[in-house]
Amino acid sequence: MEQLVRRASDLLGQTFGNGPQVVSAAPGRVNLIGEHTDYNEGYVLPCAIDRWTVAAVRPSTDRVWRVVSDAYPGEVVEIPLEASCDPQGPQWSRYIQGVLVWWLRQRGELPGAAVALTSNVPVGGGLSSSAALEVAIATALEGLTGQRLDPVQKALACQWAEHQYAGVPCGLMDQLTAVVGEADCAVLIDCRTNRFRPVPFDTQRYAIVVMDSGVRHELAQGEYAARRQDCQEAAAILSRSHPHVWTLRDVTITMLEEHRDQLGERLLRRARHVVTENHRTATAAAALVSGDYELLGQLMVESQSSLAGDYEVSCEELDLLVDSALGGGALGARLTGGGFGGSAIALVPAAQVGDLIATVQRDAKQQLGREIRVERVRPSGGATLIAAPHL
Ligand code: ADP
Ligand code: MG
């Protein structure tokens, strides 16, 4: 992270002529298990990882944020500090604008600023660079103003920014993980109450490896919205005979069996993924606590097969990476994030990391015909202020 901080300070100086007053960082994440459960008010079990987006910020006296990012070299965007301003400017700046607008509406005035962003979270790679960006900005605002946000409120602010300003109807998992991650821990989040607790991950003996498929299929966004819609419909159908059913969180397998006909084939499969995934996620958290990594691996494998079969959000590249990892000694492997490309993860005994990486890289080269990024990541802490006048 030190290197990213130095690069952000340098980029700020080169672009705007002065060094930073506030420096913040927020991590990417992998989700160990609990996929497409967040918007069904279920459980998720992500870890913040040691990949960061850093924001170096220098306040100015005008009413504008001027932002540069090493992800979009040479582009300086200007974001007006206006609480009533519609989304504007290039897509990447809207995540930032959304957080600024939230603050202006909910918290009050902000100074203008020059901002430089650097990141080693792959952009669009399924490790949630978008939440890392939003949370880095929200954290910088805490540093600039000296006001602290409650962790859940901070995550909700960032989610609001992504919904309203970037136009992406995401759940809360990515933002909350980036805020509350802890070193050497996963975080079990109950997406109904937004309560969370750290669950220790034994980084001495086990490793998480990220395999970036390098593809992002066009249908991702539309299909994501379609899955959300399917889940809502399934819950609505079940609520007619079970009034306590609010979301798929409240549904059991028995209820699905009893209402097969009303649900129809597609909704039955979508709901079955969510219901079984919730169960797997709670079991996985207990497995981590008891140190049963074999069981965690097995649950990951079941999760992948449910995501590919019932939920239909995997794709050829992800299936290939998962199979390769399992062939290469992984205890478990699955896609992480929304699917349709992005990344898959593997759980592997730490002693076998090197072999696993070599196997997956070789298989990807042979079967996809190109090099892909395969790297160990470590469960890390959440967003942090590295420099601020109020520290
Ligand atoms: P993911 O969150 O999985 O990486 P998303 O599509 O949700 O993928 O978010 C990626 C988008 O977030 C990028 O297209 C860009 O608009 C924005 N973004 C993320 N990181 C940065 C960054 N460091 N600088 C500028 N924009 C970024
Ligand atoms: Mg994202």
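Quick check: from the Cα gyration tensor, does region 206-377 come out rounded (a/c under 1.5), prolate or oblate?
oblate
About its Cα centre, what dipole magnitude does the chain give when the only charges are +1 on Lys and Arg Cβ and -1 on Asp and Glu Cβ, stated in debye to the nearest 20?
It comes to approximately 680 debye.
Can you give the angle from 0 to 90° between the axis of helix 151-164 and the longest principal axis of the chain, with both taken from C-alpha atoms, to the nearest 10?
The answer is roughly 90 degrees.
Once you put a point 7 Å from the Cα of His163 and another 7 Å from the Cα of Gln262, both along the Cβ direction, what distance in nm separates them?
Inter-label distance under the simple model: 2.7 nm.
Can you list residues whose amide H is under 5 Å from Tyr43's amide H, if they're 5+ apart or on another chain and H is modeled 1.01 Å from N?
The answer is Cys191.
Per residue of region 242-252, in order, report the coupling 6.51 cos²θ - 1.76 cosθ + 1.60 (Karplus, θ = phi - 60°) as ³J(HN,Hα) in whole Hz, putting x for Gly and Pro.
10, x, 6, 6, 9, 9, 5, 4, 8, 9, 10
Under the rule of at least 5 residues apart or a separate chain, name every residue whose amide H is placed under 5 Å from the amide H of Trp65.
Ile79, Leu81, Ala113
Could you size up the charge dipole of region 206-377 around its Cα centre, putting +1 on the beta carbon of Lys and Arg and -1 on that of Asp and Glu, and report it in debye to the nearest 20?
300
Can you tell me the convex hull volume per residue for the chain, based on C-alpha atoms, in Å³ to the nearest whole number?
137
Evaluate the distance, in nm, between pseudo-label points positioned 7 Å from the Cα of Leu368 and of Arg205 along their respective Cα→Cβ axes.
Between Leu368 and Arg205, the simple spin-label model gives 3.1 nm.
For region 328-333, take each phi angle, set θ = phi - 60°, evaluate the Karplus expression 6.51 cos²θ - 1.76 cosθ + 1.60, and give the result in whole Hz per residue in order, putting x for glycine and proline.
x, x, 6, 6, x, 7
Using modelled backbone amide H atoms (1.01 Å from N, in-plane), which distant-in-sequence or interchain residues come within less than 5 Å of Ile49's amide H?
Amide H to amide H, under 5 Å and 5 or more residues apart or across chains, Ile49 pairs with Gly28, Arg29, Val30, Ser380.
Whole-Hz ³J(HN,Hα) for each residue in region 319-327, computed from phi via Karplus 6.51 cos²θ - 1.76 cosθ + 1.60 with θ = phi - 60°, x for glycine and proline: what do you get?
4, 5, 5, 4, 4, 4, 5, 5, x
Per DSSP H run of n ≥ 4, the term is -39500 (n - 2.57); total these for the chain, divide by its residue number, and report the mean residue ellipticity at 222 nm rounded to 500 deg cm²/dmol.
After summing the helix terms and dividing by residue count, I get -14500 deg cm²/dmol.
Based on the Cβ-Cβ distance from Gln14 to Trp246, what FRET efficiency comes out when R0 is 35 Å, to the nearest 0.05?
0.10
With angles folded into 0 to 90 degrees, how steeply does helix 2-16 sit against the dominant principal axis of the chain? Use alpha carbons for both and round to 10.
The two axes meet at around 50 degrees.
For region 86-242, what class follows from the C-alpha gyration tensor (a ≥ b ≥ c being the square roots of its eigenvalues): rounded when a/c is under 1.5, otherwise prolate if a/b is larger than b/c, else oblate?
rounded
Under the rule a/c < 1.5 gives rounded, and otherwise a/b versus b/c splits prolate from oblate, where does region 342-391 land using the Cα gyration tensor?
Prolate shape, in that a/c is at least 1.5 and a/b is the bigger ratio.
Given the options Leu307, Leu347, Gly89, identify the residue whose Cα lies farthest towards the positive end of the charge dipole of the chain (+1 on Cβ of Lys, Arg; -1 on Cβ of Asp, Glu).
Gly89
Just so you know, all these numbers are worked out from the coordinates, no wet-lab data involved. It should be emphasised that the depicted structure is a prediction, and the values quoted were computed from it without experimental measurement. Because the Cβ atoms are built from the backbone with ideal geometry, glycine has one as well, and the counts that use them run over all protein chains shown.
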